[in-house]
Number of protein chains: 2
Amino acid sequence: MGLPASSAADAARVLLSADLRGVDSHGVARLSGYVRLWDAGRIQTNTWPFIEHETPSTAVVDGNAGLGLCVAPYAMQVAIVKAAQVGTGWVSVHNSSHFGIAGVHAMMALPHDMIGIAFTNASPLVAPTFSKDRMLGTNPIAVAIPAGEEPPFVADFATTTAANGKLEILQRKKESAPLGWIQTQEGAPTTDASALKQGGALLPLGGDREHSSHKGFMLGSIVDIFSGVLSGANFGKYVPPFPAYLAMPSFMPGKGIGHFFGAIRIDGFRKAADFKKDMDTWIRDMRAAAPIHPEQTVVIPGDPERTETAHRLQHGIELMEEVYDDLQLLAERFKLAL
Amino acid sequence: MGLPASSAADAARVLLSADLRGVDSHGVARLSGYVRLWDAGRIQTNTWPFIEHETPSTAVVDGNAGLGLCVAPYAMQVAIVKAAQVGTGWVSVHNSSHFGIAGVHAMMALPHDMIGIAFTNASPLVAPTFSKDRMLGTNPIAVAIPAGEEPPFVADFATTTAANGKLEILQRKKESAPLGWIQTQEGAPTTDASALKQGGALLPLGGDREHSSHKGFMLGSIVDIFSGVLSGANFGKYVPPFPAYLAMPSFMPGKGIGHFFGAIRIDGFRKAADFKKDMDTWIRDMRAAAPIHPEQTVVIPGDPERTETAHRLQHGIELMEEVYDDLQLLAERFKLAL
C-alpha cells in the first residue's frame, strides 16, 4: 500500500498483537478492511501524522488521514516523551482512522514505568439510555498499569455491555443474546443477536436503566468527548464507519476518527519500586479473594490475554477459513508470499 | 471542631452543594458522621494538607489526616494551577478521609475552561466478579466538561450497579432490590435490600458476568489504584471505614483514604471557543436523539442535579427528621444557633 517500512511494521505489530492476545476481531482478520478503506481513498499511506498544537503536557496530533494503526503508536509516543519531561503526557488525535486494539497502545507505556491510557471513538452503534438512535460507538477504555513481580494490570474494554464481536459470534452460531446486550430498531429489549443488523443498537454497559445503563452511556460519552471533541475529530453520530461499503456521514463537524492517549510517570507521584510493591499486594489480594465457586477465582485484567498469548506463541494462531482466504487474495494482489 | 474559617467554609460549601444537587446521602446528613470521626481521633482539624512530591504536571498531596471535605478542594486547586502552567495537572492524595460529593470537586475546573476529574476510593463494600469478599469501595468517577451555551456535562457515578444510598432507601421502604445490585454473604444473587447489612456485597456495574460486571470491577479497580496505590494511601480491602463505630483495618499498607484529581486545560488541545461550540452540538444532538417513549428523552449528565438545584434554591432543602435531630444535637454541643 506504499506505507514506509517503519509504519508497516507498526501496523503489523498492532494487528499481530491483537491475534496473539486472543482478540481475533482486531487482528489480521481486519487487514482486508483497512485495504478497502485505502481503495476507497479514505486512508492515505503517503502522509505522516504531526503535532498541530502543544503545551508541555498536552498535544493535538493530526493523523493526516493516515492508518490509525500507525497514527496511534506515534501519538502514544508523543505522550510518553511528554510524561518523561513533565510527569504526564496527554494527546488527543483527529483526522485518524480505526486504530486496532486499544490495550496494545496503552501498554507502550509499561516499559517506561508509566501508566498508559488509550481511548478511541468509533462509528455509532450504541443507543443512549431512553433512546432508539445510534449516537455513540463502542468507545473502548484501555488502562495499562505496571506491577513488580506480578504481571501488569491491563484493562481494555468496550463501554457497552457486550462488544460487537461477541454478537457476531452468536449470529454465526445462530444462538440468542442475553437481554441487556442489544435492542431492536424500535428500542425494545431483544435476545435476537441479529437485531443490530436490522437497525437496532448495542446497549451501554449496565444494559437497562434499572442496572444503570446511564453510567455506561456516561463512560462512552467521556471517551467520545476526549477523543472527538477535544481533538476536533468527528464525534457522536458523525464518526465515519469502518466498512468501506458504508457511505460517509453526510455532515461531518470534524476530521476523521478521534483518539485520546495518556502516559503517567509513576515516579511523578511516588517511587516506582514502592508503587510496584503495592501493586503486587493489590493483585495478590484480588487473586486470593474468596471465590463463590472454587473453580472460578477473580480475574486480574490482562490475565486472560496473557494465557492466550502463551498458548498461541507455542501452538500458533488459528485463523478462520474466511480470514485465510482474505489474506490469500491480498497476497496475490500485492504479490506477497503467504 | 477548630477548623480554620477558610477550611470550615470549604467543608460547608461541599456538603451544601451535595444537598442542593439532590444528593442527600452526601450532604449535611453526613455532618454528624464527620464529627464522630473527629471524636474518635481519626480526623485532625488543626493540620494542613501539603505537597509531598511534585513534577510540573503531577503532585502527591499528604492530607495530613485532615477532613477530606477540605483536603479535596486544596488538591483540586493544585491540579488547576498546574494545568494553567503546563496544560494539565494531576494530583493523587493520601492520608485523607471521606471527601463528600465527587462531582463538586471536579466542577471546580469549569470556570477556568478546564475539564475536571475526581476519583476517590472508599471502604470495601463491593465484591469483584466471581468473589464473595468485599474488596473495593463504591469508588466513584466524576468528570466535569465545560460547554458553551449549554450547561456543562457533569458525570458523577459510583462504579457499582447501584450506590449504597439507593439500597438504604429500599430498606427504609421495606422494598426489594432488582437482581444485579447485591449478593448475599455466600455470593448468591438476591433481591433482599438488607443483604449488605448481613455481610453481603454490592456488585460492580454490569451486575453479573453475563452483563459484563468484570468491566465495573475494572473501573472500580482503576479508581482504587489511581487514588490509593499511586498516592501511598490504603487501597482495596484496607481502606478505613466512614462510620466511626467500625474498627479500623488491622493491617494498613498506606495512610488514610486516597483520592485522585485532574484538571485539563481545554486550550492545551484546541481553542476553548471551538471546543465549546462542538460541545453544544454534542449535547443538543443527544437531547434530540429519538426517544423510545416520547416522555423520556436522553439525560445529559448534570441535568437532573441542575433541575434539583433550581427547585431547592427556590423551595429550600427538605431534611429528614433524623437529620434535623442530628443537626440540633450538634448545634447544642457546639453552642451554635440552628
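The range A:278-303 and the range A:1-59 have Cα centres separated by 34 Å.
Within 15 Å, Cβ to Cβ, of B:Ile264, how many net charges do the neighbouring residues add up to if Lys/Arg are +1 and Asp/Glu are -1?
Details: positive: A:Lys82, B:Lys82, B:Arg265, B:Arg270, B:Lys271, B:Lys276; negative: A:Glu54, B:Asp113, B:Asp267.
Charge balance near B:Ile264 sits at +3.
Using the Cβ-Cβ distance between A:Ser6 and A:Leu179 with R0 set to 51 Å, the FRET efficiency from 1/(1 + (r/R0)^6) comes to roughly 0.60.
Mind ranking A:107-118, A:254-265, A:42-53 by how tightly packed they are, going by the mean number of other C-beta atoms within 10 angstrom, highest first?
Values: A:107-118: 22.7, A:254-265: 26.9, A:42-53: 16.7.
Peptide ranking by packing, descending: A:254-265, A:107-118, A:42-53.
In chain B, the calculated helix contribution to ellipticity at 222 nm averages -10500 deg cm²/dmol per residue, counting -39,500 (n - 2.57) for every DSSP H run with n ≥ 4. Among residues of chain B, the one whose beta-carbon sits closest to the B-to-A rotation axis is listed with its distance in Å as B:Ser57, 2.
Ascending distances from the B:Lys335 label point to its copies in the other chains, with the point 7 Å along the Cα-to-beta-carbon line: 9.7 nm. Rounded to the nearest 20 debye, the dipole size of the protein assembly as shown about its Cα centre is 420 debye, using +1 on the Cβ of Lys and Arg and -1 on the Cβ of Asp and Glu.
Could you tally the net charge around A:His315, taking each other residue with its Cβ under 13 Å from the Cβ of A:His315, Lys/Arg +1 and Asp/Glu -1? Write down the numbers at each step before the final one.
Values: positive: A:Arg312; negative: A:Asp19, A:Glu308, A:Glu318.
Computed value for this residue: -2.
Only one residue of A:Gly258, A:Ala247, A:Gly232 has its Cα farthest out toward the positive end of the dipole of the range A:193-329, where Lys and Arg carry +1 and Asp and Glu -1 on Cβ, and that residue is A:Gly232. Comparing A:Glu321, A:Glu186, A:Glu308 in a Gaussian network model of chain A (Cα springs below 10 Å), the most mobile by mean-square fluctuation is A:Glu321.
For chain A, a simple Cβ point-charge model (Lys and Arg +1, Asp and Glu -1, everything else neutral) yields a dipole of about 480 debye relative to the Cα centre.
Taking square-rooted eigenvalues a ≥ b ≥ c of the alpha carbon gyration tensor, is the range B:184-236 rounded, prolate or oblate, where a/c under 1.5 means rounded and, failing that, a/b exceeding b/c means prolate? Oblate is the answer for the range B:184-236, as a/c is 1.5 or above yet b/c matches or exceeds a/b. Annotation: Cα Rg of the range A:223-265 relative to the compact-globule expectation 2.2 N^0.38 Å equals 1.28.
In this label model, A:Ala310 and A:Tyr324 are separated by 2.8 nm, measuring between points 7 Å along each Cα→Cβ vector.
Where a ≥ b ≥ c are the square roots of the eigenvalues of the C-alpha gyration tensor, would you call the range A:81-217 rounded, which needs a/c under 1.5, or, failing that, prolate if a/b is larger than b/c, or oblate? Write out the running numbers ahead of the final one.
On the way: a/c = 2.42, a/b = 2.08, b/c = 1.17.
Verdict is prolate for the range A:81-217.
Charges were assigned to the Cβ only: +1 to each Lys and Arg, -1 to each Asp and Glu. The resulting dipole of the range B:190-337 about its Cα centre is roughly 720 debye.
When B:Met252 is represented by a point 7 angstrom out along its Cα-to-C-beta vector, the spacings to that point in the other copies are 5.5 nm, nearest first. Straight-line cross-link partners of A:Lys173 among the aspartates and glutamates, defined as a Cα under 16 Å from its Cα and at least 8 positions apart when in the same chain: A:Asp192, A:Glu321, A:Glu322.
For the peptide B:287-297, the mean number of other protein chain Cβ atoms found within 10 angstrom of a residue's Cβ is 5.
Shielding value for B:178-187 is 2, the average number of Cβ atoms from other chains within 10 Å of each residue's Cβ. For A:Val81, neighbours were defined as the other residues whose beta-carbon sits under 12 Å from its Cβ, and their charges (Lys and Arg +1, Asp and Glu -1) total +1.
Overall, the anisotropy analysis places chain A in the rounded class: the square-rooted eigenvalues a ≥ b ≥ c of its C-alpha gyration tensor yield a/c less than 1.5. In the structure displayed, which of A:Lys132/A:Lys197; A:Lys276/B:Lys215; A:Lys255/B:Lys276; A:Lys277/B:Lys237; B:Lys166/B:Lys197; A:Lys215/A:Lys277 lie more than 25 Å apart, Cα to Cα? Among A:Lys132/A:Lys197; A:Lys276/B:Lys215; A:Lys255/B:Lys276; A:Lys277/B:Lys237; B:Lys166/B:Lys197; A:Lys215/A:Lys277, the Cα-Cα distance tops 25 Å for A:Lys215/A:Lys277.
What does the structure give for A:223-232 when I average, per residue, the other chain Cβ atoms found within 10 Å of the residue Cβ?
Values: counts 0, 1, 9, 5, 0, 2, 14, 10, 3, 6.
That works out to 5 on average.
Take A:Gln296, move 7 Å from Cα toward the beta carbon, and the resulting point lies 2.9 nm from the same point in each other copy, nearest first.
Read-outs: derived from the displayed coordinates by stated rules, not from any lab. Small disclaimer: the values here were computed from a predicted structure and weren't measured. Ideal geometry is used to build each Cβ from the backbone, glycine not excepted, and the neighbour counts take in all protein chains shown.
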